[in-house]
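Notes to accompany the following structure.
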Amino acid sequence: MQGGAMADFRVGIDFGGTKIEIIAIAKDGSEALRRRVPNPLEYDASIRAVRELVEAAEQALDGAATVGVGIPGAVSPDTGLVKNANSTWLNGRAFGRDLGTALGREVRVENDANCFALSEAVDGGGAGHAIVFGVILGTGVGGGIVVNERVLVGRHSIAGEWGHTPLPWPEPSELPGPTCFCGNRGCVERYLCGSALAEDCDGPGHREASGLPARAEAGDAAAIAALDRHAERLARGLAQIINILDPSAIVLGGGLSNMKHLYGAVPPLLSRHVISPVCTTPIVPNLHGDSSGVRGAAWLWPRDLPRTYATSSG
């Protein structure tokens, strides 16, 4: 081990399926640098690409950085190996350790949904709240839990995976539920994701739900009914989260979070299923949008940058 290196700023990496994005956040929380490159889609080349981005950022900003990385998967707490990544070349690899060796310092790696939740909890839609549940509503449904600006990971690194819990309080017409890729039936994801909403409105094979709010505003009865069912199902799903976790705030992310009606329609529907006589849990839109993942990766290091952090010769 070499002596510690002064941490001048924090770097976040969004390791996506097609691109790798880097952001540098200064000590005052401002964005100092942002760049992106294509993802090489190969393990060793990806390690090199991340290392080169970090080294270039440190050179450009004339300082040393802590490094956090968000990935579309999880790191097993038992083995340190990546699992459940749709960037499949990461699975079974010690990505965090290997990247740390390449960079000569500790690297923190976390699921991208957890990074979204952390970003929004630190300085986004959930800022100032002690317990934040970050929701992803898009091509899939996921979530992350942040307590006092720290990600709650869990024993199996699956905390917040509410998309693969059953839709609660189902109606007879909703049973036995559609089959999910996880092998179970009736998962929340298969009722609330974008394609599920589109199919509920327009039938099998339809995948695009972004135009439904405009259709509903124009009086389209099918769109109005589908959006009403979706909001009511979302309320049931979130009520179950509130009963278990009782978060201080719920922040919505993903493509469907842009449907503005959700923020007015869902809160009044919660009280029917929340055990508290009064439910005041705020449901708010995200502040940082597509930048939340990369910003959250940077915030995997504490709000107060450590004076020094360990480095090695690699």
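The values are calculated or read from the model by the stated rules, or taken from the named source; none is laboratory data. Please read these numbers as outputs of a predicted model, since none were measured by experiment. Methodologically, a virtual Cβ is constructed for each residue, glycine included, from the backbone with ideal geometry; neighbour enumeration extends over all protein chains shown.
Some values worked out for this structure:
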quantity	calculated
Filtered residues of the range 206-219 (kept if assigned to a loop (DSSP other than H, G, I, E, B) and buried (at least 17 other Cβ atoms within 10 Å of the Cβ))	A209
Inter-residue pairs, beta-carbon under 6 Å, first closer than 17 Å to L137 by Cβ and in the range 203-214, second loosely packed, with under 12 Cβ neighbours inside 10 Å and of a type outside the set (A, V, I, L, M, F, W, C), 6+ apart	none
Which listed residue, of G29, G80, G12, is at positive phi and either touching a strand residue (DSSP E or B) at 6+ places or on another chain (Cβ under 9 Å) or without any contact (Cβ under 8 Å) to a residue 60 or more places away in the chain (or both)	G80
When residues of the range 237-253 are limited to those that are surrounded by 20 or more Cβ atoms within 10 Å (Cβ to Cβ) and not hydrophobic (A, V, I, L, M, F, W, C), the one nearest to T165 (Cα to Cα)	G237
Selection count, the range 157-186, where residues are in a helix (DSSP H, G or I), over 30 Å from E110 (Cα atoms) and not charged (D, E, K, R)	2
Members of the range 255-311 that are closer than 14 Å to A65 by Cα and modelled with pLDDT under 95	W301, P302, R303, D304, L305, P306, R307, T308, Y309, A310, T311
Qualifying positions in the range 159-185 - surrounded by 16 or more Cβ atoms within 10 Å (Cβ to Cβ) and among the β-branched types (V, I, T)	T165
Scope the range 93-123; condition in contact with a strand residue (DSSP E or B) (Cβ under 7 Å, 6 or more places away or on another chain) and of a type outside the set (A, V, I, L, M, F, W, C); matching residues	R93, G96, G100, G104, R105, E106, R108, E110, N111, D112, N114, E120
Any pair with Cβ under 7 angstrom, 6 or more apart, that starts in the range 232-258 at a residue that is in the same structural domain as P282 (by TED's automatic domain parsing) and farther than 18 Å from L212 by Cα and ends at one that is charged (D, E, K, R) and part of a helix (DSSP H, G or I)	V251/E120
Any hit, the range 109-123, residues being over 16 Å from the mean Cα position of the chain (by Cα) and not acidic (D, E)	no
Residue in the range 215-238 that is touching a Ser or Thr at 6+ places or on another chain (Cβ under 9 Å) and within 17 Å of A113 (Cβ to Cβ) present	yes
Neighbours by Cβ (under 6 Å, 6+ apart or cross-chain): first from the range 278-304, buried (at least 21 other Cβ atoms within 10 Å of the Cβ); second assigned to a loop (DSSP other than H, G, I, E, B) and of a type in the set (S, T, N, Q)	S292/N286
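Results for (1) assigned by TED's automatic domain parsing to the domain that holds W301; (2) in contact with a Lys or Arg (Cβ under 9 Å, 6 or more places away or on another chain); (3) within 14 Å of F95 (Cα to Cα); (4) among the basic types (K, R), shown as yes or no for each residue.
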| position | (1), (2), (3), (4) |
| --- | --- |
| G12 | yes, yes, no, no |
| I20 | yes, yes, no, no |
| A24 | yes, yes, no, no |
| G29 | yes, yes, no, no |
| R35 | yes, no, no, yes |
| P40 | yes, yes, no, no |
| D44 | yes, no, yes, no |
| V50 | yes, no, yes, no |
| G70 | yes, no, yes, no |
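For every residue, the table says whether it meets (1) closer than 16 Å to I250 by Cβ; (2) of a type outside the set (A, V, I, L, M); (3) over 20 Å from the mean Cα position of the chain (by Cα).
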| position | (1), (2), (3) |
| --- | --- |
| G125 | yes, yes, no |
| H164 | no, yes, no |
| C187 | no, yes, no |
| H206 | no, yes, yes |
